[in-house]
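A.B. asks: Here you go, one structure.
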Amino acid sequence: MELTEKKFKMPGNIRRRKLVNSVMIILCVIAGIITILPLLYIFFYTTKSGITSLNLDFFINMPKPVGEEGGGMANAIVGSIILIGIGSLIGIPVGVMSGIYISEYSKNITAFIIKFVTDILSGIPSIIIGIFAYGLIVINMQRFSALAGGFALGILMIPTITKVTEEMLKLVPQSIREASLALGVSRWKTVLRIALTTASSGIITGILLAIARAAGETAPLLFTAFGNSFWQTEIDQPIAALPLQIFAYAISPYEDWHRQAWAGAFVLILLVFVINLIVRFVTRNKFSGNQ
Amino acid sequence: MQESDIKISEEISTKEIRSKRKPGDIFFENLTLLFALLLIGLVLFIAIEIYGDSAESIEHFGFSFIFSSDWNPVTEKFGALAFIYGTIVSSILALLISLPVSIGVAVFLSEIVHKSVRTPVSFLVEILAAIPSIIYGFWGIYVLAPFMASTVQPALSSLFGFLPLFQGPIFGTGMLTASLILAIMITPIISSITRDVLKAIPVSQREAAYALGATRWEAIKMALLNARSGILGGAVLGLGRAIGETMAVTMVIGNKAQIKASLFEPAYSMASVIANEFAEASGSLHISSLIEIGLLLFGVTFIVNTFARILIYSVTRKT
C-alpha cells in the first residue's frame, strides 16, 4: 500500500478520503464499545452488589423490618410467579392464536392490519396498560388485586408472542403442510399438529422472552397489583411482586434494604440473561444465515 | 413462492372441496380470527377506556390543561405543561445522544466486524434491551447520578458554564441524567432497526461503490443514505420508547414539576407523575387529571409509533 501511494503520488483528495475513512471506522468501533460499556457495568455492579446478599434467606424468608437479619423476598417471588401465571393465561392464547391467524389464514391486507396493530400495542407505554387495567378491574372490584396486575402483564405479553408465532410459522416449509393435506388431514389439524408442532420450539422461546419482559415490568403493577408486605396468594387481593419490592427498597433510605434490592435486581438480570441465552441457543440454527 | 402455493391450494378448495370443508376447519379458522379481532378490539378499547376516564378532567380544564404548569392537588388545580416539557426535553435529548452512537454500533456490527465478534456483541446489545427499566433506574440513582455529580456535571459546567444549559446547582439527578439513562435504554432499539434496514439495502450497491474506487466508509455512507428513511423510522421508534419510559426516569429525573433552562435542574415527566401519584391520589379530579396525562401520552406515542412504522415498512418491504 505504502508503495503504491508513493508510486502514483496520491493527490490530497484521496489522502483526505482515506483519512475520513479511518476516522469514521474508528468512530464506529468506539460507538460499539460505548454501547457495551454500560451493559457490562450494570451487569457487574448488580452482580457484585447483589450476590453478597443473595442467600437462601432471600428466597424463603418474608421481608423483615430494618435492622433484623435474614429478611427475604419470598412473598414477592411467589407474587411475581402468580402474576406471570395470570398474565400467561391471557397473553399466550391471544398471542398464539392471532399469530396463527396472521400466518395461516389472513390475506395480505388483513395480515398487514393485524401486524400493524400488534406493533402499535407493543409501542403503548406499559404504564398506560396499568391505567387501563386500573380502570377496567381495580375500579370495578373496588380494590387492588393480583388479577388486575396479571391482566396488565398479559396484555404486555401479547405483541411479543403474536410476532414470534407468526414468524416461526412462516419458517415452516409449505411442502410439509401440503404433504399433510394430501394425506387427507383437514386444514385445522394440519395447522395444529404439523405447522404448530414444527414451530413449537421457536414459539416457546418467544413465550419465554415475553415472560422475561413481564417479570421485570414495574410501572403497570404500581396501581394494579399494588404490592403487599405480607404472605398473600389470593388473586382478588393486593399482591407483592419482585420488581415492586425492588423499587420500594431502592428508594428507601436504608442500606440493608438497598442490599436486598440489589439481590432482587441480580435475580431479575440473571433471569433475563439465561432466557436470552436459551433463545439464542434454540434459534441459532434457524437464523444462522442472517445473524 | 409461498403465496402462490397458498393461492393454488385455495383455488382447489373453492372449486372442489368447498362442500367438503369440515366444520372443524370453519370453527378453527373463525376462532383464530376471533383472537386476532380481539387484539384490534383491545387497542381500541384501551383508547376508549382512557378517554372515558379522563372525561372529568377534560371537561373541567379544557385546553388550559396543556398550557398551564400549575399542578396542585390541594387546591385541585391541574396543568400538565411542566410534565410535557420534561418528557419532550428528556426524550429528544436522549435521541440526540443515542442516534449517532446507535448508527455507529449498527455499522460496526453489520459492516465492519467479523462474524466471530458480531455474534457475541449483538447478543450483548440484545440483552441491553431486555434489562428491566427498574434496574436501569436503580443503577442510575446509585452509580450514574453520583458519577454525574462528581465528574461529568462539574466538567460541563466549567467548560460550557457560560450557556444557561449547564448552570445551576449540581445534584447528580435531573434532566441530563434522565436523558443519559434513556439514551442507554433506546440505543439497542435504534441500532437493531438500523441493522435491519442496512440488511435490506442490496450488497450489490456497496460492491458497485467499491468497484468505482470508493473507500469503505464511502460505500457505507451510501448505504446509510439509501437507508435513511428506515433509520429515521428507527430513531422515531426509539423516541416513542423514551417518551413512555417510566421507572428509570422516575428514579433519576428528580421529580420536581418545574420548567428550567438548566439541564442540571430536577424535572418531572408525564409517565413519572402517573407512577408517583396515581396510587395515592385521593380526589377524583386528581385521578382523572393523571389519566388525562396518560391519554396525552397514549396519543403522542400512537402518532410517533405509526409514523415510525410507516418509515420502516417503506424500506424493509422493498426486499
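A.B. asks: Being within 13 Å of chain B (Cβ to nearest Cβ) and within 25 Å of the chain's Cα centre (by Cα) is the requirement here; does A:GLY99 meet it?
C.D. replies: yes
A.B. asks: Among (1) more than 7 Å from chain A (Cβ to nearest Cβ); (2) more than 23 Å from B:THR250 (Cβ to Cβ), there is one condition B:LEU124 misses while meeting the rest; what is its number?
C.D. replies: (1)
A.B. asks: If you scan segment B:264-300, which residues turn out to be within 11 Å of chain A (Cβ to nearest Cβ), of a type outside the set (A, V, I, L, M, F, W, C) and surrounded by 23 or more Cβ atoms within 10 Å (Cβ to Cβ)?
C.D. replies: Result: B:SER269, B:SER272, B:GLU292, B:GLY294.
A.B. asks: Given (1) in contact (Cβ under 8 Å) with a residue 24 or more places away in the chain; (2) closer than 19 Å to A:ASN75 by Cα; (3) crowded, with 24+ Cβ neighbours inside 10 Å, where does A:TYR249 come up short, assuming only one miss?
C.D. replies: (1)
A.B. asks: Criterion first (buried (at least 24 other Cβ atoms within 10 Å of the Cβ), more than 17 Å from A:LEU83 (Cα to Cα) and modelled with pLDDT of 95 or more) does A:ILE128 satisfy it?
C.D. replies: Spelling it out, A:ILE128 is indeed buried (at least 24 other Cβ atoms within 10 Å of the Cβ), more than 17 Å from A:LEU83 (Cα to Cα) and modelled with pLDDT of 95 or more.
Residue by residue, here is whether (1) surrounded by fewer than 17 Cβ atoms within 10 Å (Cβ to Cβ); (2) among the charged types (D, E, K, R); (3) under 17 Å from the mean Cα position of the chain (by Cα) holds:
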| site | (1), (2), (3) |
| --- | --- |
| B:LEU99 | no, no, yes |
| B:GLU111 | no, yes, no |
| B:TYR136 | no, no, yes |
| B:PRO154 | yes, no, no |
| B:PHE160 | yes, no, no |
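A.B. asks: When segment A:178-229 is examined, which residues are found to be closer than 30 Å to B:GLY137 by Cβ and among the basic types (Lys, Arg)?
C.D. replies: Correct list: A:ARG213 only.
A.B. asks: Do we find a residue being closer than 17 Å to B:ALA130 by Cβ and within 12 Å of chain B (Cβ to nearest Cβ) anywhere in segment A:222-231?
C.D. replies: Scanning segment A:222-231, I find no residue that is closer than 17 Å to B:ALA130 by Cβ and within 12 Å of chain B (Cβ to nearest Cβ), so the answer is no.
A.B. asks: Need pairs with beta-carbon distance below 7 Å; first residue over 14 Å from B:ARG118 (Cβ atoms) and within segment B:188-206, second of a type in the set (D, E, K, R) and part of a helix (DSSP H, G or I); sequence gap 6+ or separate chains.
C.D. replies: Correct list of pairs: B:PRO188/B:GLU126; B:ILE189/B:ARG241.
A.B. asks: I would also like to ask the following. In this structure, is A:GLY70 assigned by TED's automatic domain parsing to the domain that holds A:LEU221 and touching a residue at least 40 places away in the same chain (Cβ under 8 Å)?
C.D. replies: So A:GLY70 fails the test.
A.B. asks: Looking only at segment A:232-262, which residues are over 14 Å from A:PHE151 (Cα atoms), away from chain B (no Cβ under 11 Å), of a type outside the set (Val, Ile, Thr) and touching a helix residue (DSSP H, G or I) at 6+ places or on another chain (Cβ under 8 Å)?
C.D. replies: A:GLN232, A:GLU234, A:ALA240, A:SER252, A:TRP257, A:ARG259, A:GLN260, listed by residue number.
A.B. asks: Among the residues of segment A:149-207, which ones are surrounded by 19 or more Cβ atoms within 10 Å (Cβ to Cβ) and either basic (Lys, Arg) or on the phi > 0 side of the Ramachandran plot (or both)?
C.D. replies: A:LYS163, A:ARG177, A:ARG187
A.B. asks: When the residues of segment B:235-267 are filtered to those that are outside any loop (DSSP other than H, G, I, E, B) and touching a strand residue (DSSP E or B) at 6+ places or on another chain (Cβ under 9 Å), which remaining residue is farthest from B:ILE170 (Cα to Cα)?
C.D. replies: So the residue we want is B:ALA267.
A.B. asks: Where in segment B:137-229 are there helices (runs of 4 or more DSSP H), lying fully within it, with 3 or more residues that are touching a Phe, Trp or Tyr at 6+ places or on another chain (Cβ under 7 Å)?
C.D. replies: B:153-160, B:175-200
A.B. asks: Turning to a different aspect of this structure: Taking A:GLN142 as the residue in question, decide whether it is on the phi > 0 side of the Ramachandran plot, surrounded by fewer than 20 Cβ atoms within 10 Å (Cβ to Cβ), of a type in the set (S, T, N, Q) and more than 9 Å from chain B (Cβ to nearest Cβ).
C.D. replies: In short, yes.
A.B. asks: Restricted to segment A:57-82, and to residues that are within 14 Å of chain B (Cβ to nearest Cβ) and part of a helix (DSSP H, G or I), which residue is nearest to A:THR224 (Cα to Cα)?
C.D. replies: Once the filter is applied, the top-ranked residue is A:SER80.
A.B. asks: Please find, within segment A:174-196, the residue that is farthest from A:SER98 (Cα to Cα) out of those that are touching a Lys or Arg at 6+ places or on another chain (Cβ under 9 Å) and touching a residue at least 40 places away in the same chain (Cβ under 8 Å).
C.D. replies: A:ALA195
A.B. asks: Would you call A:SER200 more than 16 Å from the chain's Cα centre (by Cα) and away from chain B (no Cβ under 11 Å)?
C.D. replies: yes
A.B. asks: Can you confirm whether segment B:76-90 contains a residue that is buried (at least 18 other Cβ atoms within 10 Å of the Cβ), aromatic (Phe, Trp, Tyr) and either more than 14 Å from every other protein chain (Cβ to nearest Cβ) or in a strand (DSSP E or B) (or both)?
C.D. replies: yes
A.B. asks: A follow-up question, please. Just a yes or no: is a residue in segment B:164-179 crowded, with 17+ Cβ neighbours inside 10 Å and under 15 Å from the mean Cα position of the chain (by Cα)?
C.D. replies: yes
A.B. asks: Now a separate question. For segment B:195-217, how many residues are loosely packed, with under 13 Cβ neighbours inside 10 Å and within 11 Å of another protein chain (Cβ to nearest Cβ)?
C.D. replies: Counting residues in segment B:195-217 that are loosely packed, with under 13 Cβ neighbours inside 10 Å and within 11 Å of another protein chain (Cβ to nearest Cβ) gives 1.
Yes/no matrix, rows are residues, columns are (1) closer than 16 Å to B:ILE46 by Cα; (2) facing another protein chain (nearest Cβ under 8 Å); (3) over 22 Å from the mean Cα position of the chain (by Cα); (4) among the aromatic types (Phe, Trp, Tyr):
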position	(1), (2), (3), (4)
A:LYS107	no, no, yes, no
A:ILE120	yes, yes, no, no
A:ILE161	no, no, no, no
A:LYS189	no, yes, yes, no
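The values are calculated or read from the model by the stated rules, or taken from the named source; none is laboratory data. The shown structure was predicted, so the numbers you read here are calculated from the model rather than taken from an experiment. Cβ sites come from the backbone with ideal geometry, for glycine too, and all protein chains shown count toward neighbours.
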